[in-house]
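Here is the structure we will look at, set down as structure tokens.
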Amino acid sequence: MDNNTSEQSLRCEAIRRRLQGERRCDICWDLSRSTRWLDKWWAEYRRHPTTDFADRSRAPHSTPGQTPLAVRQAIRSIRQWLESGQTADTRYGLIGHRAIRHELQRLGIKPVPSLATIQRVLAGYDLTHPRGAAADTAYYPELVAWTPNAIHATDIITKHLYGGHVVQNLHTFDHYTHAVYISQHADKTSAAVRAHLLGTWGRVGLPVIQQLDNEGSFRGGHSHRRVIGQVVRLCLFVGVEVLFIPEYEAKRNHWVESFHSLWVQAFWSRQRFGNLTHVQSEAPTFLRWYHTRYRPPSLAGKTPAQMRRGFKPVLLTPPLRRLIPARLPITQGRIHFIRKVDLMGNIRMLNETWLVGRQWVGQYVWVVVDTAQQMLTIWHKPDSQASWKRIKRRQFRLNEVVHPQLPEFRRNRARCREHWPS
């Protein structure tokens, strides 16, 4: 990747995070850029929403016999926008030359090129692959659930009510039975996530491993080095291990993302909600339908409720819940991260960069942080049939006292750890 492409990627990443509501200082700290730099490109995006954030060429805008540079850049930007699927307008639909030509016409860009010209421009930018075709060549060590409540995935989907009010919808999905727990909040702070998880564990049960993406409220923010956030502390306190999927790879959360789509279609789009309380009052009706009537395609004709028959979950009962303090310590346990090694041979986790080695560039590694031993171990697995290979082991000193786990939350994990590095 040349310097121009790398800088362009940083600009795109900064604006993406700004659109998600992250603080300017957090974005600039993570990307090692000034707030003045961010403000410049934010202004550029506001003026030209379809910009590709490339350095502007000083070449003439038109050349006889050649598609103007501005039109070529617009074709590239529209294709990337359609393919990203980051908005409601692009999550579904086509991304080919006809769709791009329609967008060019809608935006009033002239001259509107022919379909053959659009295809040639896409080929010149190496953008002719279909959506999903540019799959990773490196093996991804996805964790597969082996029993109910083995893996819970939690994610947040933000929705807006008429009038501008925001509803943060937290969804937790059991990979094995497809059972879910949903809750709705006015914000997505760690306090809201804590309330959601406590509700999940009281109704669905405690998982062996809690899978999360790298949302700030999950991980504990984007500023402080080696931060152990409140959500991670809560999981460790009740004996749940935490797994963070790779950064900027929402497809690794595909189970809960699929549930989001179903929820939008079967619940959110079915009526006009007036306020947060209205949404909360209607959610139980949707949950009853989902668990008792809906038959997910991958469950061979069974409902989530039928998949859980005979299963006795470990519930977070009121007496156990009262053991959880308001101010959570760091408890003995394990935090897992799946990361892709970058071009410098590094990975980034907990706001800190760790060297893995250039021989692992482009490969996914599994990182285990053991808070009891205060050690970090990096593992690699080249394919599904191979065994895990330990490639790095480093000290991971914490600035707080690590507390032992309470007997009430201890569970036998000997069999569980057959499924991931240990």
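Quick notes on this one:
- Candidate aspartates and glutamates for bridging to LYS381, where Cα separation is under 20 Å - those fewer than 8 sequence places away on the same chain excluded: ASP136, GLU142, GLU247, GLU249, ASP342, ASP370, GLU418
- Degrees, to the nearest 10: 35-47 long Cα axis against longest axis of the chain: 60 degrees
- Low-density loop positions, chymotrypsin sites (Phe, Trp or Tyr not before Pro), the stretch 363-422 - DSSP coil, at most 15 other Cβ in 10 Å: TRP388
- Nearest-0.05 FRET efficiency for LEU19 and ARG203, computed from C-beta distance (R0 41 Å): 0.80
- Rough spin-label spacing in nm, given labels placed 7 Å along Cα→Cβ, for ARG47 and LEU276: 3.8 nm
- Eligible aspartates and glutamates near LYS302 by straight Cα distance, threshold 18 Å, same-chain separation 8 or greater: ASP174
- Computed across the chain, the Kirkwood hydrodynamic radius from all distinct Cα-Cα pairs reaches 23.9 Å.
- Cα-Cα over 32 Å, subset of LYS159/LYS312; LYS40/LYS392; LYS251/LYS392: LYS159/LYS312; LYS40/LYS392
- Helix axis angle, 276-292 relative to the chain longest principal axis, alpha carbon, degrees: 70 degrees
- Cleavage-rule hits, chymotrypsin sites (Phe, Trp or Tyr not before Pro), the stretch 287-319, DSSP coil, Cβ neighbours within 10 Å at most 16: TYR294, PHE311
- Where both bridge residues fall in the chain, DSSP classifies roughly 75% of the beta bridges as antiparallel.
- Cα-based shape type of the stretch 298-422, given that a ≥ b ≥ c are square roots of the gyration tensor eigenvalues and the cut on a/c is 1.5: oblate
- Amide H contacts under 5 Å for GLN211, placed H, 5+ residues apart: HIS152, ALA153, THR154, LEU243
- Helix 115-124 vs. the chain, principal-axis angle (Cα, 0 to 90°, nearest 10): 60 degrees
- Length added when fully stretched, HIS403-SER6, from 0.36 nm per residue minus Cα-Cα: 138.7 nm
- Across GLN20, GLN265, GLN66, mean-square fluctuation computed from a Gaussian network of the chain (C-alpha pairs under 10 Å connected) peaks at GLN66.
- Each Cα pair under 8 Å and six or more residues apart adds its separation to the average, and for the chain the resulting relative contact order is 12 percent.
- Legend: calculated FRET efficiency, SER84 to VAL264, from the Cβ-Cβ distance at R0 = 22 Å, rounded to 0.05, equals 0.75.
- Extension gain for ALA305 to ALA386 (0.36 nm times residue separation, less C-alpha to C-alpha distance): 25.6 nm.
- Exposed trypsin sites (Lys or Arg not before Pro) absent: longest stretch of the chain, with sites in DSSP loops and at most 11 other Cβ within 10 Å deemed exposed: 59-224
- Bridgeable aspartates and glutamates around LYS188 (alpha carbons under 13 Å apart, same-chain partners fewer than 8 residues away excluded): GLU22, ASP155, GLU215.
- Counting only DSSP beta bridges with both residues in the stretch 309-422, the antiparallel share comes to about 90 percent.
- Averaging Cα coordinates gives a centre for the stretch 300-359 and one for the stretch 1-54; these two points are 30 Å apart.
- FRET efficiency for the ARG293 to LEU69 pair, using the beta carbon distance and R₀ = 41 Å, is estimated at 0.15.
Bear in mind that the values in this text are calculations on the coordinates, not laboratory data. These numbers were taken from a predicted model, which means no experiment stands behind them. Backbone-built Cβ (ideal geometry, glycine too); neighbour counts: all protein chains shown.
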